[in-house]
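Here's the structure we're looking at; comments come further down.
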Amino acid sequence: LLLQRSREAKAAAYCPYSRFAVGAALLTAGGQIFSGCNVENACYSLGVCAERTAIQKAVSEGHTSFRAMAIASDREDDFIVPCGACRQVMREFGRDWDVYLTKPDGTYIVKRLEELLPLSFGPEDLRK
């Protein structure tokens, strides 16, 4: 279901400049799913990735504990991976959750967030 919801979110992507549509679906610890797509802007730096959109939607509704995220794109040769900024935003909410990296044909690999962002900096580091 999470992979399907990420593909559905990709269909809503607003990407007139890059034409690189991405969708993400985030599973909360409580079992709710929040999806997001990338939203570009003519001022390129103001755009936001699908992963961060999904996280911001969940957080805005009071959810900060996550179990998994699936990411979808139209990239056929390689599995889609989150950018560095998304990895850091994801890390804000823990490092022990699954990230499903997909291809359009339905194949996927699963990585722990800790694998995608090793030796990371998180909220607990500010308390040291």
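Any residue at all in region 60-74 that is farther than 26 Å from Glu114 by Cβ and in contact (Cβ under 8 Å) with a residue 40 or more places away in the chain?
yes
Would you pick out the residues in region 115-128 that are closer than 23 Å to Asp78 by Cα and surrounded by 15 or more Cβ atoms within 10 Å (Cβ to Cβ)?
Leu116, Leu117
Sort out which residues of region 31-90 are within 9 Å of the chain's Cα centre (by Cα) and among the charged types (D, E, K, R), and write them in order of number.
If the condition is that a residue be within 9 Å of the chain's Cα centre (by Cα) and among the charged types (D, E, K, R), then Glu51, Arg52, Arg87 are the ones that fit.
Table: residues versus (1) at pLDDT 95 or above; (2) among the hydroxyl-bearing types (Ser, Thr, Tyr); (3) open to solvent by 40 Å² or more (accessible area, probe 1.4 Å).
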position	(1), (2), (3)
His63	yes, no, yes
Asp74	yes, no, yes
Asp78	yes, no, yes
Cys83	yes, no, yes
Cys86	yes, no, no
Glu92	yes, no, yes
Asp96	no, no, yes
Leu101	yes, no, no
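Among Ala25, Ala58, Ala54, Ala21, which is closer than 19 Å to Tyr100 by Cα, open to solvent by less than 60 Å² (accessible area, probe 1.4 Å) and out of contact with any Leu (no Cβ under 7 Å at 6 or more places or on another chain)?
Ala21
Can you run down the residue pairs with Cβ atoms below 7 Å, 6 or more apart or on separate chains, where the first is in region 35-46 and at pLDDT 95 or above and the partner is exposed (fewer than 10 other Cβ atoms within 10 Å of the Cβ)?
Glu40/Pro16
Can you name the residue in region 103-128 that is farther than 17 Å from Gly84 by Cα and acidic (Asp, Glu) and, of all such residues, is modelled with the highest pLDDT?
Filtering first and then ranking leaves Asp105.
Out of curiosity, is Ser45 more than 21 Å from Lys111 (Cα to Cα), assigned to a helix (DSSP H, G or I) and small (Gly, Ala, Ser)?
It is true that Ser45 is more than 21 Å from Lys111 (Cα to Cα), assigned to a helix (DSSP H, G or I) and small (Gly, Ala, Ser).
Does any residue of region 69-78 turn out to be farther than 15 Å from Asn38 by Cβ and in contact with a helix residue (DSSP H, G or I) (Cβ under 7 Å, 6 or more places away or on another chain)?
No, that holds for no residue.
Tell me which of these Glu51 doesn't satisfy, since it passes every other one: (1) touching a Cys at 6+ places or on another chain (Cβ under 6 Å); (2) in a loop (DSSP other than H, G, I, E, B); (3) acidic (Asp, Glu).
It is condition (2) that Glu51 fails.
The values are calculated or read from the model by the stated rules, or taken from the named source; none is laboratory data. All values reported here derive from a predicted model rather than from experimental measurement. Cβ coordinates were reconstructed from backbone atoms using ideal geometry, including for glycine residues, and neighbour counts include every protein chain displayed. Ligands, DNA and RNA are excluded from the accessible area calculation, which covers all protein heavy atoms including side chains. Shrake-Rupley method; radii C 1.70, N 1.55, O 1.52, S 1.80 Å.
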